[in-house]
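Student: Once you've had a glance at the structure underneath, I'll fire off some questions.
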Amino acid sequence: MFELCSLASIPLFTDRLLFMTTPPPLTLPMTAQAILAAWVFATVLIGFVGIIWKRNLIMKILSMDVMSTGVIAFYVLVAARGGFLAPIVTGTQAGAYADPVPQAVILTAIVIGFSIQALMLVGVMKLSRDNPTLETSEIEQSNTP
Amino acid sequence: MNTPTIVWIALPLFIGFSSYLLPRSNRFFALGMACVSMAYGLWHIVAPTPLTIELIDNFGVTLVVDGLSGYFVLTNALVTAAVVLYCWQKNKSKFFYTQTVILHGSVNAVFICADLISLYVALEVIGIAAFLLMAYPRSDRAIWVGLRYLFVSNTAMLFYLMGAALVYQTTGVFAFTAVQNAPPAAIALLMIGLFTKGGIFVSGLWLPLTHAEADTPVSAMLSGAVVKTGVFPLVRLALMADNVAPAVQLFSMGTAFLGVTYAIFEKDTKRMLASSTISQMGFVLANPAVAGFYALTHGLAKAVLFLLAGNLPSRKFQMLQRTPMARWQWLAVTIAALSISGMPLLSGFEAKALTVQDLPPTITWVMNLAALGTAIAFAKFIFLPFQLPDKSEKRSAQVGFGCAIGLLLGGLVLASGQHLEIYSLSKVLMALATLATGWAIYGLWLRRGLPKLPTGIERFEHLIGGMSLMLLLLLGMVAA
């Protein structure tokens, strides 16, 4: 869910808000890139802090998802440095294309990320039978020798 | 040259999934796969013609097979073969063999990849396969330990991915060779991921609980082969990139010391072995040029020790001092322990001597001190009592176990003839003196018992928090 939203939202966001007046959008200006990068890093940081701060195991896993959303957005941003049109061969050059390599790479990482999350949530379901509150410190205490 | 490599790397995935269709023969398949890897590894050690396979229009996606990969692949193959033999008569499920073979294949993949993204994928597959093997007993404890492992490693890999993106942003490729020109932030992020995977310094503190609580064959796999998947890329990068090598060397000393301190204070056999794994990873990293040989000797010895420790009557050293083990078990434990402590005539001595050979004198001394610590820690195993086994004991049930131990110890002994040129009077005397001093310290002083080290730092939140501190530390070091 998170990944799909973030993947689509950056080009749309820049398309509508930053380039309303400049007709064919070519590349992101440096300041826009820097601002987007700052938001992306903030997302990663918020997710990371959430992993430590949140006490419930589910919330920790969701925090990790927020962090991975930030990382994915970073790849999308890296891909959009030179332009953000989808590179589709049509015969005429429509504008500056986004770099497809980071997007292809992050697609793999998204798949791996959600399979790991699914696996972890199954583990949490099993644990929740004996630890209904899912407080990490409690689970840890009762399962550490 | 290319085709055998591609077949070999794809084979475990094929075997892993198809062994579900042929459940009766899956252990044969698993053993066969390990033998294929063994042959492949040996081939590249004996005839080191580096082979590079590049993806067409590649963005730096590369596979490199050379002598270094050969040693790591051989380690993985021998450990997997021993684990399969160990489980031969234990009626393990299809699921176990499937995961073992997939884990074996993905570990192999790490040892031949030379770009950041193939490495990422291989490391994540390893994480998943290792988690499934760990959590398979499905007790709350097994699930929690597995979950903790997966969580810590996945968080570290997210940092790693950021680093890979930064490398691509600066250089336009993902190859290891590009790391040379990457910004410091990228290197710090990549290293935090690999440090966590490879159990280096504070980032490796997840390791003792994980390796100690896993099932016996799984612990042997994890400590013998899987942990080296974090170390191998660091070795490759340290050999390729000048901006990585100094930090790796510094942390190798820290790791060797931290691990050995834990190992000396530990009162539980499996936790002690796991702590020693951390310290040995420091030794592997200390001299990247001979890392392959060290990894081989460590992997074989550690797998023997884990397989045997899982079959002793107790996990507490205190109990073991009162309940003698069988003589053959003691003999196997002692050979492996002596090899790790660096006894001349065993391959551990050659590995240690090769490692410290070309290092600057200060680092040599630090490593020798860590070796002294290793001798103290393993004296706990060597000076355990033993007895002749009962005649009535059923021997046939232990054939697979014996074969596994025989294979590993055989490898350890055969490996010891490889570097005869390293033997010199001063080195042999030095090694013997280290051993004697270590045993004396143990016998005179430490045997009466040591205080228990606090384990609070191994709590989950501290592991994640420690990651951020390590990241800052690395950033400071690489940028400096």
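Student: Peptide B:149-161: average number of partner chain Cβ atoms within 10 Å per residue?
Tutor: 5
Student: Order the peptides B:468-480, B:210-222 from the highest to the lowest mean number of other Cβ atoms within 10 Å of their residues.
Tutor: Highest to lowest by the protection proxy: B:210-222, B:468-480.
Student: Can you tell which of B:Thr437, B:Thr323, B:Ala164 lies farthest toward the positive end of the dipole of the protein assembly as shown, using +1 and -1 charges on the Cβ of basic and acidic side chains (Lys, Arg; Asp, Glu)?
Tutor: B:Thr323
Student: Provide a whole-number value for the mean count of partner chain Cβ atoms within 10 Å of the Cβ atoms in peptide A:115-123. If you can, show how the numbers build up before the last one.
Tutor: Details: counts 2, 9, 2, 0, 9, 6, 0, 3, 11.
Per residue, the number of nearby Cβ atoms from other chains is 5 on average.
Student: Can I ask one more? Show me A:33-41, B:445-453, B:126-134 ranked by packing, highest mean number of other Cβ atoms within 10 Å first. Could you put the intermediate results ahead of the total?
Tutor: On the way: A:33-41: 14.8, B:445-453: 10.7, B:126-134: 23.4.
Sorting A:33-41, B:445-453, B:126-134 by mean packing, highest first, produces B:126-134, A:33-41, B:445-453.
Student: To continue, here is another question. Specify the inter-centroid distance of segment B:219-289 and segment B:143-207, based on alpha-carbon positions, in whole Å.
Tutor: One Cα centre to the other: 16 Å.
Student: Averaged over B:21-32, how many beta carbons belonging to a partner chain fall within 10 Å of each residue's beta carbon?
Tutor: 0
Student: Among A:Ser115, B:Ser19, B:Ser69, what is the fewest-to-most ranking by other Cβ atoms within 10 Å?
Tutor: A:Ser115, B:Ser19, B:Ser69
Student: Rounded to the nearest 20 Debye, what is the dipole magnitude of chain B about its Cα centre when Lys and Arg each give +1 and Asp and Glu each give -1 at the C-beta? It would help to have the intermediate numbers written out before the result.
Tutor: Details: 29 positive and 18 negative charges, 392 e Å.
For this selection, approximately 1880 debye.
Student: Summing +1 for each Lys or Arg and -1 for each Asp or Glu, what net charge is found among the other residues whose Cβ lies under 10 Å from the Cβ of B:Glu266?
Tutor: Values: positive: B:Lys267, B:Lys270, B:Arg271, B:Lys380, B:Lys452; negative: B:Asp268.
Taking every Cβ under 10 Å from that of B:Glu266, the sum is +4.
Student: At a 10 angstrom cut-off on C-beta neighbours, averaged per residue, how do the peptides B:258-265, A:55-62 rank from highest to lowest? List each step's numbers first, then the result.
Tutor: Values: B:258-265: 23.1, A:55-62: 18.1.
Highest mean packing first, the order is B:258-265, A:55-62.
Student: Tell me, what is the percent relative contact order of chain B, built from C-alpha pairs under 8 Å that lie six or more residues apart?
Tutor: Relative contact order, chain B: 16 percent.
Readers should treat all values here as calculations from the given coordinates under stated rules, not as data from a laboratory. This one's a predicted model, so the numbers in the text were calculated from it and none came from an experiment. Cβ: placed from backbone, ideal geometry, glycine included. Neighbour counts: every protein chain shown.
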